[in-house]
Amino acid sequence: MNFRCECGQRIHDTTDYLSYKGYLLSDQDQFDLLDEIDDAIEKSGPSSTDKEEAAMRIRSLISTLFKTVYQCSNCGNFFIDNNHPSLEMFRGANQVNKNLLVSALGDKWRGSIYAEWKDKIPDWQTSNGTLFNETNSSSLTGQLDGNGKYSDWETLEQDYYQLFNELKNKNVIRYSQLKKNYTVIHSWSLQK
């Protein structure tokens with residue numbers, strides 16, 4: 001989903017782990033969900049197929065019961081997707097907390113970083129390289145030279161490894177990837 005807030009900010013829902021996206025559960029549905037989780041744990045059969053079926057029942061119920069919500073990172077407006085053609089919008093008070101949907105773990109939440117370089121860029125893209133820090137860590141020790149957009153590969157690569165090492169040392173990253181012309185140069189995942 002992609003839409004624009006009344007303030008002009010574009011809100012994209014094109015990936016996972018978004019800090020401005022969340023889910024809303026009605027109090028009327030909470031105990032149905034908890035009962036289904038209890039049943040999946042206590043009553044699923046011994047086979048892996050039984051356990052998989054129980055897990056899929058829970059996932060299906062979650063996707064049915066939860067409503068998707070978004071918060072504009074510019075003005076703080078809240079949007080609820082009520083499974084209708086349009087979104088319901090709510091305005092906050094004077095001093096709006098613009099981080100209401102950030103993980104309860106705050107800066108300790110494990111996110112990801114992704115960097116990509118293209119020698120030949122599509123018409124819609126404004127730079128050859130991009131670097132996305134999808135963590136909640138805001139206290140980086142060094143300033144990144146490209147500020148997310150890059151016109152030379154060496155600076156992108158340097159900033160990527162600087163960010164990767166710092167976030168890995170802080171234990172706030174679950175996945176990282178660097179690509180150059182669609183080829184993976186570096187990839188790292190947190191071991192489960």
- Residue set GLY45, GLY92, GLY8; condition at pLDDT 90 or above and either open to solvent by 40 Å² or more (accessible area, probe 1.4 Å) or out of contact with any helix residue (DSSP H, G or I) (no Cβ under 6 Å at 6 or more places or on another chain) (or both); output residue GLY8
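Rundown of residues vs (1) closer than 21 Å to ILE11 by Cα; (2) out of contact with any Asp or Glu (no Cβ under 7 Å at 6 or more places or on another chain); (3) modelled with pLDDT of 85 or more, yes/no style:
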residue: PHE78; (1), (2), (3): yes, yes, yes
residue: ASN83; (1), (2), (3): yes, yes, no
residue: VAL96; (1), (2), (3): yes, yes, no
residue: LEU101; (1), (2), (3): yes, yes, yes
residue: ALA104; (1), (2), (3): no, yes, yes
residue: LYS120; (1), (2), (3): no, yes, yes
residue: GLN125; (1), (2), (3): yes, yes, no
residue: SER139; (1), (2), (3): no, yes, no
residue: GLY146; (1), (2), (3): no, no, no
- Task: Could you run through the stretch 11-25 and say how many residues are at pLDDT 90 or above and either over 13 Å from GLN71 (Cβ atoms) or open to solvent by 40 Å² or more (accessible area, probe 1.4 Å) (or both)?
- Result: 5
- Task: Determine whether the stretch 101-109 contains at least one residue that is β-branched (Val, Ile, Thr), in contact with a Leu (Cβ under 7 Å, 6 or more places away or on another chain), surrounded by 13 or more Cβ atoms within 10 Å (Cβ to Cβ) and touching a residue at least 24 places away in the same chain (Cβ under 8 Å).
- Result: no
- Which numbered condition ARG59 fails, given (1) within 20 Å of the chain's Cα centre (by Cα); (2) at pLDDT 90 or above; (3) in a strand (DSSP E or B): (3)
- Task: Please specify each residue of the stretch 158-180 satisfying the condition of being in a strand (DSSP E or B), crowded, with 17+ Cβ neighbours inside 10 Å and not basic (Lys, Arg).
- Result: ILE173, SER176, GLN177, LEU178
- For the stretch 42-71, what are the residues that are of a type in the set (A, V, I, L, M) and more than 30 Å from GLU88 (Cα to Cα)? ALA54, ALA55
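The values are calculated or read from the model by the stated rules, or taken from the named source; none is laboratory data. Since the model is a prediction, treat every value here as computed from it, not as a measurement. When we count neighbours, we look across all protein chains shown, and the Cβ atoms used for this are built from the backbone with ideal geometry, even at glycine. Accessible surface areas use protein heavy atoms only, side chains included; no ligands, DNA or RNA. Shrake-Rupley method; radii C 1.70, N 1.55, O 1.52, S 1.80 Å.
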